[in-house]
Structures are given as C-alpha cells and as structure tokens.
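> Once you've had a glance at the structure underneath, I'll fire off some questions.
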There are 2 protein chains.
Amino acid sequence: MPDQTVPTMRPAFAPWLSRSNDVTSVFLAAGQVPGLVNLAGGLPEPSVWPVAELAGLAAEAIRSHPDETLGYGPIPGLPALRDLIAARFSTDALRLSRENVLITTGGMQALELMGKVLLQPGGLVAAQSPAYLGALDAWMPHAPRYRPMRIEGNDFDPHAALAGAQFAYTVPNFSNPSGRLVALPERQALVAAAHATGTWLIEDDPYGALYYEGEPLPRLLELSAGARPGPYDGPVVYMGSLSKELAPGLRVGWVIAAPEMIAALATAKQGSDMCSSGLSQMLALRALQAGITDRIRPEVLAIYRARRDALCAAMQAHLAGDLDWQVPVGGMFVWATARDPRLDTDRLLHHAMAEGVCISPSSVFDPEGLDRRSLRLNFTLNPPERLEEGCRRLARAIRAALAETG
Amino acid sequence: MPDQTVPTMRPAFAPWLSRSNDVTSVFLAAGQVPGLVNLAGGLPEPSVWPVAELAGLAAEAIRSHPDETLGYGPIPGLPALRDLIAARFSTDALRLSRENVLITTGGMQALELMGKVLLQPGGLVAAQSPAYLGALDAWMPHAPRYRPMRIEGNDFDPHAALAGAQFAYTVPNFSNPSGRLVALPERQALVAAAHATGTWLIEDDPYGALYYEGEPLPRLLELSAGARPGPYDGPVVYMGSLSKELAPGLRVGWVIAAPEMIAALATAKQGSDMCSSGLSQMLALRALQAGITDRIRPEVLAIYRARRDALCAAMQAHLAGDLDWQVPVGGMFVWATARDPRLDTDRLLHHAMAEGVCISPSSVFDPEGLDRRSLRLNFTLNPPERLEEGCRRLARAIRAALAETG
C-alpha cells in the first residue's frame, strides 16, 4: 500500500480551468432546490415530450437496426440521418447533400468542434453580444480574443466586425440571452461580409422552430446560397439540434456547412467522442421520418407563447419600475436591463436565491464578465402562476439589492 | 444572391489538422468494402449483443423515467449510474463514492477531457509504447511531447518515465495495439512512481473484462488505494466503458479518479457536450442492474478465445516465416513484427488492401509515425474461417511487398 502521508505536488491543471465558471452547473442543479422558481437555465417543458411514442420507436430502432444502434457508427453520423437533414434544409437555391452535414452530440459539441478546428491561442472571434454562455464555455480552453458585435446597433459595420476573425458567432433567431431576432437587412449584411472577408459565419439556430408570431426569416445559410452548381460551399456554418424541437436528452445536433468544413469537423469529432450514439441517431431519424416534431410543434408553440405572455404581463405588473425589456417574438428568454445603474445583477442573483427565484446575470454572457446591468429570464419551463410568483420574488430581491447599495 | 465568382481567402484551419490521419475513418469504413477481411479496427462481434432485451429496457427506461432519459441531465452523469459504478469498483481497500465518478460519452471522451484539463502546448505525456491511436487523436490538438514507455523492457525506470510529465498513459490489460498484459511488479512500480512524482497515471481499461486465461490482475486503481479514510484521492485516473462489455453504440464510459480530477473533467465536459445522452445512461444503468454484462460475458469470452486461437493457428500456418508475435492472454489484438527489416508495414497495408485484407500498420501507434516494422491484427470481429482467409491473403501481400523492395 503506497505511503500517502507525504503529499506530492501534482501537475497544474490547464490555466483556463481557473477562469471557468460553474453557472451552467448551478442552473442544471437549480431544478433540484425545493420550492425554487427557476427562471435561469433554458430548460424545456417536459410535458410536450411524446414519451410513449419515443419509447416505442426506441425499442423498434434497436430491434430492427441492431448494428446501427448498438455498434460503432461512421464518425460524421448515420448516412440516412445526414441525408434527411440535407433534404430538410435544402431549398430551390440551396443545394445540400450528405457531404454538407455532420451529426453532433448535441448542439454544444458543434461549438466545441468549431473551436478545435479553427482556434489557436489568441485567435479572434467576432461574437454577437451578449453571447451564449455555452459558446464561451466551449471555446474557453483556447483563450480566444473576442470582438463584440452589437448587430442591432445603428453603427454596426459587419465588414469591420468580421475582418480578421477566425469566425463570427451569431444566433439570429431569438438569441440566447437577448431574445432578439436579427432582422433581414442585418442578415443580408452579415452574409455579404462573410463572403467578402472569407470569415466563417456561425448561424447557431437552436430556437429557429420557436417563432410565436410572423413568418420565419430566411436563414443566413439560405441567404448565402450561391449561383454555382454543386453542393453548398459558402461561409455559413449552420448549427441545429433536436433539443428544443423534440428532446434534449437524445443529444442529437447537426452542422450544415461547406464540405471542407464538415471534413475538418469530422476529424475533430474523431478525437472527441469517435461517433455519436447510434441509438440516439436512429431514434432521431425515426422521429423525424414519422413527423413527430411537426406534429407536436403547434402544442409546443401554444404553451410557450402563453408563457411568454404570462411572464411579460407579470413583469409589467411587478418589475416595470425597475427593469426595461422588449417582448421577444420567439425563443425561450426575456432579456431585461436595470433602470438603476446601482443594481449589480451578480449581487442580485444572491438576493434572488434567498427569495427563492433563480435568474441569469448578464456577466456570464460577457467574455470579460463586466456587464452587470442586465439579466435573462426563461419562460418555457414554468407555468404562468409560477412565472408570476417568480416575478414577485424578483421584485423583492431587487428591493433588497438596492437597499444594500445604500 | 452573393457573388461567389471571386474566391475569398478563408481563415486557416488549426495546424494540428494537417498532422491528423484518416486511419480510424478508414477502419470504420473498411466494414463496408465487399469481401474484405477486416483485421484492422477493434470492432466487437455483434451477435453477442442482447438485442431484444436492450430494446425492452430502452422502451421501459423512457416510459418510466422520461425526465432522466429525454431531458438535460447533470453534467457529471446520472447520480444512480455514478453510484453504481462507484460500488462496482470499490473493494475493501478502495473506497469510492459518487464524487469519484464521471460518466463520459464513450471511452474516447475520457481521453479528450484529460487532454483538455492538463495539456498545454508542449506539455509532456509519458505513453506506453506502442500507443493507442485514439489517445493520440484525442491529444493531437494540444501538440504534446511524448516520452515513450516500454514497460516490459528490462531497463524500464518508472520514476524517470513519469517525472515531469503532466500524465502517464497506460493500458495495463491487453494494451491496444500490443495486446500485452502489464505484470504485477510493473503495475506496482508504476503506481509507486505516480505517488512519488505526483504525475497523474491513466489506467485505460476497455479490455479488462476480456481475460481468456488466468485471474485478472489487480487494477492500478486498487494498487493505489491508500490507508487514509474517505473517498479515493490517489493519482490513478481509471477509464472504463461499456463498449466491449455490452455495446459501443451506447457511447457510455466512465472515469474513476480523485474528486478534484473529476471536478476538473466535469468542467471540461460542460464545454464539450454539456451532458451525455440520458437515454444511453439510463439504458446502461438498467442493463448493469439486470446483470446483463455478467450474464453474456461467458459467451463473449468463449467466442473471442476461440477466435484468438484460430487467428494464432492461422498465423502459425501461413505467417510464421515472416512475422514474430506473442499469443495474447486477453483483449482483441495480436501484435506482430516483421522478421525482415525491409518489410515496411505502411507499404504492406496497400498490398494487403489489394489482396482483400485490412490490417493496422505500426506507424499509426507511434506519435512520430516512424515505426514501420509491426502490425496489429484484430480477432474479435471475424469467425475462424475468415481469420484464416485473412492470414492467407496477408501472406500473399507480404510476398508482394517484399518483392517490391527488390
């Protein structure tokens, strides 16, 4: 038995670990705190999951396709699922084939693979600001520099924003955390800048199916489709997933991009997890073929639209004096900014937890961690009465936080 | 529509991509070539998978645990599965709790997370030589330096090997590719060196259940258990998976290590894929609880033992003049070295493919890519008559390769 009385020095962990945060972990764990109203995180409403149907499809997938579900699969994903995604996103102008598609282990893996294939220390990322926390997590080991893009600002210059960056990161549909929809002229300008500069343009689109009003705007991917024959070869790297449309537990996402990018991402995936779960992929394929996502979408939209309205009404009733916000047209979040500049939303989080409500402070969506004026509220997980109770508690927490500032 | 007639310069991919190989991809694709005898790769025999039982368990897991199977789960894994793994590997001397266990998306992810938390550019890895190709893939983006460890050599000095390395990498049970079993004295010496130097010691153990003769040797993890109370806090980082014991398609693996290492790996996993598939984890939990792996193991061992014997008999009949090898006591591979120094096994691969047999050349198991004297043959995927046919073809390919050298 080794002598453990003399402690030995262990090698240091990589420096990025000391800069990392435990916010996602706190969000995922907040669901376990009794009585807490969880307005943080971005969790879906579980009652919309077609449980019995998925159970039947899972059993049938294993029984009829044991090799594909239980064996190792091709690194870029099951061919039939890649083909289905290619067909689903093709349009008259946008020609996609299997070579344009990589299946990932959830949307998060797509982000991490992009970092792996493009980022070197000091590399530059142009990121829509405020930025998705998970993307910042995924790229943290590479310690990139960030150039913030305020796409909705009057002075936004897409060409200057993209020039010299390894890639630009956008969530055009109901950005996490801001809930904003990037308008058509800005979409066109971003795509034109990507073509002109050569910079890869990520279109992260987890919320693209969650439009509560109006017609969906064209994707950057569609706007970037060229006149040349053959499969898509443009600069947009589109990322989708089944987490919001079907169920996050499957961990099935996809990237649609130029074949050279898909090949590079597949090489990176080989060293990340070899291949995604065959069972999950086959279940996703069967669910899409059976039209489940299309069938449950009206119910999902009705529930989420009503909850968005309930949250915004409760905010109007309890928080209008303290916060400013815009009602989002889709997605899962309302972004609110404190009217009083003394309100530090990092401090507010502690008061909120004491009052029994969890929110996401703006600092976690800022690569520098400096923005402490805003917060993100999720409306998809809780029913209307809980959303209202959360707003009541948040109003009390704001009183307490402001009282602390004197 | 953007003008695509003027090509734009795209940002360069990260340099490691130009050093990467497509060998794993070729191995996984070799299964699709008609008539090819695939002795490369490390694929299991699919007939041992308990298909109907897993189909029933999958449906039942979704129906009875929709939140755990279809929702986001905790980053380090389902608590019940972590507890089961902790209990399964605990002994009288080795006390493991949930904090010692991280669930990963297959064994490959465990390797990639280790790189993320420990490796910085130029970092040093002491690696058992020849080394598992997948580990080299996982760490390639970090461009580590490698210090080869020939553990079976008479002059092997574990203390000198481990000193100054961020971690040491070993596969003590039937190493991939060499098939070697690290003997007890070397195990003890490695563990003592890890305690003395502080260097983390990876025990990668995908083949630990595949002993065809004799009693399993104690794990490095067990040998490293200390006299102190409380959960394990030693330097061994143990990696296991269900890929060989049950089915690789689930992509369920685990790491057992000191709580500080588990916490660091979980932070890295947050930015890699958020959490592993809840469906896969719950299915793994149910399968382990139902004792399926224990029940199918005798059949798995009988099939693989017979195939090992068949391959070695066929090698004796057809290849004894050209190759030297040791009969492995377990695992999935026979490692063979050319008697004639003119035989370059990279060149041999091309001749072998022309003859209809696929093998793994030694260069891919060497971080420098220089070792071209040996090759790895897999015996788990093919029945005896195919193994013999593969050896006949390989003998012809060796003739052709040697004729080419003149």
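> If you build a Gaussian network model of chain B, linking Cα atoms that sit under 10 Å apart, which residue out of B:390, B:164, B:107 swings the most?
B:164
> Relative to the other copies, what are the label-point distances for residue B:157, with labels 7 Å from Cα along the C-beta vector, expressed in nm at one decimal and sorted shortest first?
Those label-point separations list as 6.1 nm.
> Name the residues whose placed amide hydrogens come within less than 5 Å of the amide hydrogen of residue B:149, ignoring near sequence neighbours (fewer than 5 apart) on the same chain.
Amide H neighbours of residue B:149: B:127, B:128, B:129.
> Any chance you could give the angle, 0 to 90 degrees and rounded to 10, that helix A:259-270 forms with the longest Cα principal axis of chain A?
Taking the Cα atoms of chain A, the angle to A:259-270 is about 70 degrees.
> Highest GNM mean-square fluctuation, chain B, Cα pairs closer than 10 Å: which of B:272, B:18, B:178?
In the Gaussian network model the winner is B:18.
> Which log10 I(q)/I(0) values does chain A give at q = 0.06, 0.09 Å⁻¹ under the Debye formula, counting every alpha carbon as one identical point scatterer?
-0.25, -0.57
> Relative to the other copies, what are the label-point distances for residue A:83, with labels 7 Å from Cα along the C-beta vector, expressed in nm at one decimal and sorted shortest first?
Counterpart label points of residue A:83 in the remaining copies fall at 4.5 nm.
> Check which residues have an amide H placed less than 5 Å from residue A:237's amide H, if you skip close sequence neighbours.
HN-HN under 5 Å from residue A:237: A:201, A:202, A:203.
> Next question. Every other copy gets compared here: list the nm distances from the residue A:290 label point (7 Å along Cα to Cβ) to its counterparts, shortest first, one decimal.
Result, one decimal in nm: 1.9.
> Using a 10 Å cut-off on Cβ to Cβ distances, tally the other chain neighbours for every residue of A:130-138 and report the average as a whole number. Working shown, then result.
On the way: counts 0, 0, 0, 2, 3, 1, 1, 6, 5.
Partner Cβ neighbours, averaged per residue: 2.
> Next question. Between residue B:301 and residue B:64, what FRET efficiency follows from the Cβ-Cβ distance if R0 is 30 Å, with the result rounded to 0.05?
FRET efficiency, residue B:301 to residue B:64: 0.40.
> Among rounded, prolate and oblate, which fits the stretch A:31-151 when a ≥ b ≥ c are the square roots of the eigenvalues of its C-alpha gyration tensor, a/c under 1.5 means rounded, and a/b larger than b/c means prolate?
On the way: a/c = 1.94, a/b = 1.23, b/c = 1.57.
Oblate, because a/c is 1.5 or more while a/b does not exceed b/c.
> Which one of A:267, A:100, A:197 has its Cα pushed farthest toward the positive end of the charge dipole of the stretch A:66-290, where Lys and Arg give +1 and Asp and Glu give -1 at the Cβ?
Farthest towards the positive pole: A:267.
> I would also like to ask the following. Specify the angular offset, from 0 to 90 degrees and rounded to the nearest 10, of the alpha carbon long axis of helix B:345-355 from the longest principal axis of the alpha carbons in chain B.
Here the helix axis deviates by roughly 70 degrees.
> Take the alpha carbon gyration tensor of the protein assembly as shown, find the square roots of its eigenvalues, order them as a ≥ b ≥ c, and report rounded if a/c is under 1.5; if not, report prolate when a/b exceeds b/c, else oblate. Walk me through the numbers before you get to the answer.
On the way: a/c = 1.79, a/b = 1.52, b/c = 1.18.
Judged from the Cα gyration tensor, the protein assembly as shown comes out prolate (a/c at least 1.5, a/b above b/c).
> Taking the Cα centre of each part, how many Å lie between the stretch A:73-133 and the stretch B:66-88?
Computed from Cα coordinates, the inter-centre distance equals 27 Å.
> In deg cm²/dmol, rounded to 500, what helix-only [θ] at 222 nm does chain B give when every DSSP H run of at least 4 residues adds -39500 (n - 2.57) and the total is split over its residues? Could you put the intermediate results ahead of the total?
Details: 15 runs with 169 residues, N = 406.
Calculated from helices alone, the mean residue ellipticity at 222 nm is -12500 deg cm²/dmol.
> Among A:147, A:251, A:88, which one shows the biggest mean-square fluctuation in a GNM of chain A, springs joining Cα atoms closer than 10 Å?
With Cα springs under 10 Å in chain A, the top fluctuation among A:147, A:251, A:88 is at A:88.
> With an 8 Å cut-off on Cα pairs and a minimum separation of 6 or more residues, tell me the relative contact order of the stretch B:71-292 in percent.
This gives 28 percent for the stretch B:71-292.
> Taking θ as phi - 60°, what are the ³J(HN,Hα) couplings along the stretch A:281-297 by the Karplus curve (6.51, -1.76, 1.60), each to the nearest whole Hz, with x for Gly and Pro?
5, 5, 5, 4, 4, 5, 5, 5, 4, 7, x, 4, 5, 5, 6, 7, 4
> Then there is this: Based on Cα positions only, what radius of gyration and what Dmax would you give for the stretch A:66-290, in angstroms?
16.6, 56
> Averaged over B:255-261, how many beta carbons belonging to a partner chain fall within 10 Å of each residue's beta carbon?
1
> Pull up the DSSP beta bridges for the stretch A:66-290 and report the antiparallel fraction as a percent, rounded to 5.
So the antiparallel bridges in the stretch A:66-290 amount to around 35 percent.
> Taking the Cβ of residue B:224 as the center, what net charge do the other residues with Cβ under 11 Å away carry, scoring Lys and Arg +1 and Asp and Glu -1?
-1
> Would you work out if the stretch B:262-406 is rounded, prolate or oblate? Take a ≥ b ≥ c from the square roots of the eigenvalues of the alpha-carbon gyration tensor; rounded if a/c is under 1.5, else prolate when a/b is larger than b/c, oblate otherwise. All intermediate terms of the calculation are to be shown ahead of the outcome.
Numbers: a/c = 2.96, a/b = 1.63, b/c = 1.81.
It is oblate, given that a/c is not under 1.5 and a/b is not larger than b/c.
> I would also like to ask the following. Reachable lysines from residue B:269, Cα under 22 Å, same-chain residues fewer than 8 places away excluded?
Within the straight-line limit of under 22 Å, residue B:269 reaches these lysines: A:116, A:244, A:269, B:116.
> If you average the C-alpha positions of the stretch B:159-219 and of the stretch A:367-406 separately, how far apart do those two centres end up, in angstrom?
After rounding, the separation between the Cα centres reads 51 Å.
> What share of the DSSP beta bridges in the protein assembly as shown is antiparallel, in percent to the nearest 5?
In the protein assembly as shown, DSSP labels about 55 percent of beta bridges as antiparallel.
> Tell me, what is the FRET efficiency for residue B:18 and residue A:399 to the nearest 0.05, using R0 = 41 angstrom and their Cβ-Cβ distance as r?
0.10
> Residues with amide H under 5 Å of residue B:97's amide H, sequence separation 5 or more or different chain, H placed in the peptide plane at 1.01 Å from N; which?
B:232
> OK, next. Between the helical axis of B:384-405 and the dominant principal axis of chain B, each derived from Cα atoms, what acute angle in degrees is found, rounded to the nearest 10?
Here the helix axis deviates by roughly 60 degrees.
> For the stretch A:235-298, I need the span (max minus min coordinate) of the C-alpha atoms along each principal axis, in Å, sorted largest to smallest.
36, 27, 17
Only the coordinates and a few stated rules stand behind these numbers; no lab work does. Keep in mind that this is a model prediction, so the values were computed, not measured. Counting neighbours? That spans all protein chains shown, and the Cβs are built from the backbone with ideal geometry, glycine included.
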